[in-house]
Structures are given as structure tokens and as C-alpha cells.
Amino acid sequence: MAVVVGVIGGGQLARMMIPAAIELGIELKVLAETDGMSAALAVDRVGDYTDAATVLEFARDVDVVTFDHEHVPQDVLRLLVDAGVRVHPGPDALRFAQDKLLMRERLSELGLPVPDWARVETPDDLDDFIREHGGSAVVKTPRGGYDGKGVRVVRAAAEVAEWFATIAEDGRGGALLVEELVDFRRELAQLVARSPSGEIVPWPVVETVQVGGVCSEVIAPAPRSAGRLADVASSVAITIAEGLGVTGVLAVELFETTDNRILVNELAMRPHNSGHWSMDGSTTGQFEQHLRAVLDLPLGGTGSHEAWSVMVNVLGGPAEGTLADRYPEALAGHPTAKLHNYGKLPRPGRKVGHVTVIGADLDDVVYEARAAAAVFQD
Ligand code: ADP
């Protein structure tokens, strides 16, 4: 019988595990939030991932459970583990990806470079931090944020009054995370995969470009990263993967500061947008590597096919119709571009697909990837 991997969440990350699973002869079963999601081809059942009975029932027929997102509640994850289900990444690692305050605490304990930060429970505490950090700071809700939602640059606590009100209302002693406003030259991401038996394989560090808190482009490897930068980035990610006991793919989002420091911003414990290039640019793509890792199989090589890989997200998509309506123009005009269509309805700002181009000349590759992605956007 085929090995079965159960994926909780039916978004594009689950969808992109499907071809990798087919290649490895693995069966993929998805627990999707609703009908018609991106990973519809592999959906086993539709249900609520916060409901313990639903998740336990789903897990009964799989060999290992993994995720398309990090939102499965800790108590549900622990019930799975207690029931003898293999869960990768496990709850003890995942909690650091679920709560930015816990993550900051743990990374500081590990002696890793992070922005100056504090846990603030009151507007007065926040105003003190802002005053001590040159008049501005970045405030984050510890849980539930993504794509820049739950992140705000402020000059006064009054600008996040409603976040403090929410904490006060839920009465569970909540707090916000505040960080120095980092003066960064660029953002980077370091991906590694780690298996339960401890094998760790990194990809090259990449440069990520965000627009309005959403990733728009990724360049692999990050330009000017050979040598020290690549070493620091991979050793930081390996320390985190080992220190937090992460299994599967770990993405570490980094800032390269104007004074040449590398600081850790965020963690994701699953395949990540900054690793999509690897499907077309690397010997082993992140979705295949994630499946190998969660099954504790040997990991694949991560050498690149070409000097450069550039991934451009298709954000929003066409104003009318679907991505496929643009195929005649895109596929004929950009034969070197590799399109990944997530099968989602176009909507402003939504990640509906991406394009990757690989090649020897960075300028050419960037130009072509942007041009191909642009065909799908109005
Ligand atoms: P999310 O979890 O929503 O992706 P992040 O914590 O990654 O949120 O922040 C989103 C973006 O906000 C980052 O990619 C970066 O551009 C910016 N940002 C976050 N933290 C800081 C900071 N301390 N200083 C400067 N910019 C920041």
C-alpha cells in the first residue's frame, strides 16, 4: 500500500505538494476548509481544522500529518500526538511559528540576532518603547497575522488602540509584540529542510521583495550573497531548525540591515513563497523535500540548475476572466517561463499563481519573469 501523507489545509501549498507526491508514488490526502480550494484534486474531506473530532478522524487514515498553514490549534495538535499520530512539524515546534512573542523569546534565548523587541501589555509601555527607539516602532499582533496583516508601523500607541482593546476584552493576559523599526537594505529568506532523524539540507539564501507586506519577487540566490552572507544565513536557519526541533521545510525571513547585520524577522514551518523557485530551479524542490522530510526519507540535493532563478508572483490576476484566458498570449510570448496556476478565482491582491524563469544572466531572467507574470495581471 502506498504511503499516505495527510495535509491539513487546502491552499496552494497543499496543491503544489500534489505533483511531488505523484512523482514519489506517495498518496496525498487533504483536509480542506471548503469545497473548491486550490488543492481540490487531492481533497479527502472538507472540515474544520479547529475541530478535534474532524482532525482526528482525518488522521486515522494517514501515515503522517503535515500542514498547508500554521493555524491548527495547539490542543488539537496535542490530541493527535497523544493518539499516536506522526505530526510534522510537531506542536512543540509549531507553537513558535504560531506566536510571534514566543518566537522572539526563544530566538533571543538561542542567542540569535533579532531586532530589539519587547512584550507590551499597555499603551504606556508601548509609548516608552517608541520613545527609547527614536520615535517609531513596529507593532505586531502575536497570533493570526499573515502577509503584513497584524503588522503596523506606529509613532504612538494610540495608532493601535483597537489592538489593545481586543487584548483587554479577551481578558487572557494578552500582549502585543513591539520591535525596533529596522533600517534594512533588503529582505532575505533562508530555507532548510530537516527530517525527524536530524538530517538538514539548506537551499541557497534568496532575496525577497515585498510590496505592501506581500511577497512579489524572489531572486535565487540572493545577489551578492556568496561567502559570509550565505554562511551566516544558513547557520542561523540550521540553529533554529535544531533549536526548535522543526521537521519539514523551515523558512527563516531575514533582514539585511544597512550596517550589514543579519536579523531574523519571521519563521514559517512549511513550504514558503520564498522557496517556490526551487520547483523549477533546484535539483529538489521544496514540496518534494517537505514530503521526504516529514516521511523521514533521505533528503535531496539542492544544487541549482542555472546561475539564477527568479520567481514573480501573480497577484490579483486579470480583472475579468481567469488566468487560462491569457494562456495563448503568455505561453506563446514567454516560452522559457514556467507558470504555476493555483486554480483560484482572481481577486485584487490575491496570490493566484507564480512564474519562474531560470538562466545565466540575472537581468535577462528578471526581465523575462516580470514580463511573463505581467501578462496575467491588469
Ligand atoms: P507577516 O507575518 O504578516 O508576514 P512580518 O512580521 O513578516 O508579518 O512583517 C511583514 C513585513 O513588514 C516584513 O516583510 C517587513 O517588510 C516589514 N517588517 C516587519 N517587521 C519589521 C521591523 N521590525 N522593521 C522594519 N520592517 C518590518
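The values are calculated or read from the model by the stated rules, or taken from the named source; none is laboratory data. Computed from a predicted model, the values in this text were never measured in an experiment. Don't worry about glycine lacking a Cβ; one is built from the backbone with ideal geometry, like all the others, and counts go over all protein chains shown. What goes into the accessible areas is simple: the full protein's heavy atoms, side chains included, and nothing from ligands, DNA or RNA. Shrake-Rupley method; radii C 1.70, N 1.55, O 1.52, S 1.80 Å.
Restricting attention to region 329-378, the residues that are free of Cβ contacts under 8 Å to residues at least 24 places away in the same chain, surrounded by 14 or more Cβ atoms within 10 Å (Cβ to Cβ) and over 27 Å from G10 (Cα atoms) add up to 1. Would you say S309 is crowded, with 22+ Cβ neighbours inside 10 Å, under 21 Å from the mean Cα position of the chain (by Cα) and of a type in the set (G, A, S)? The answer is yes for S309. In this entry, R326 is excluded by the filter for residues that are part of a loop (DSSP other than H, G, I, E, B), without any contact (Cβ under 8 Å) to a residue 60 or more places away in the chain and open to solvent by 40 Å² or more (accessible area, probe 1.4 Å). For first residues located in region 265-281 and at pLDDT 95 or above and more than 10 Å from the ligand (Cβ to nearest atom), partners that are open to solvent by 10 Å² or more (accessible area, probe 1.4 Å) and among the polar types (S, T, N, Q) and lie 6+ apart or on another chain with Cβ distances below 7 Å form the pairs S274/T208; G281/S304. Among the residues examined, G11 does not qualify as farther than 18 Å from Q289 by Cβ and without any contact (Cβ under 8 Å) to a residue 12 or more places away in the chain.
Taking the criterion of being surrounded by fewer than 17 Cβ atoms within 10 Å (Cβ to Cβ) and not in a loop (DSSP other than H, G, I, E, B), the residues of region 41-51 that qualify are L41, R45, V46. Looking only at residues of region 115-171 that are in contact with a Lys or Arg (Cβ under 7 Å, 6 or more places away or on another chain) and open to solvent by 30 Å² or more (accessible area, probe 1.4 Å), we find that the one that is farthest from L267 (Cα to Cα) is E159. Between A189, A158, the distinction of being touching a residue at least 60 places away in the same chain (Cβ under 8 Å), more than 9 Å from the ligand (Cβ to nearest atom) and not in a loop (DSSP other than H, G, I, E, B) belongs to A189 only. For A226, the test of being away from the ligand (no atom under 15 Å from the Cβ), at pLDDT below 95, closer than 21 Å to V365 by Cβ and surrounded by fewer than 19 Cβ atoms within 10 Å (Cβ to Cβ) is passed.
From the residues in region 229-266 that are open to solvent by 30 Å² or more (accessible area, probe 1.4 Å) and among the acidic types (D, E), which one is nearest to R185 (Cα to Cα)? Per the criteria, the residue is D259. Do we find that L107 is over 13 Å from N265 (Cα atoms), within 15 Å of the ligand (Cβ to nearest atom) and not small (G, A, S) in this structure? The answer is no for L107. A single member of V218, V201 is over 21 Å from V138 (Cα atoms), touching a Phe, Trp or Tyr at 6+ places or on another chain (Cβ under 7 Å) and either more than 16 Å from the ligand (Cβ to nearest atom) or in contact (Cβ under 8 Å) with a residue 60 or more places away in the chain (or both), and it is V218.
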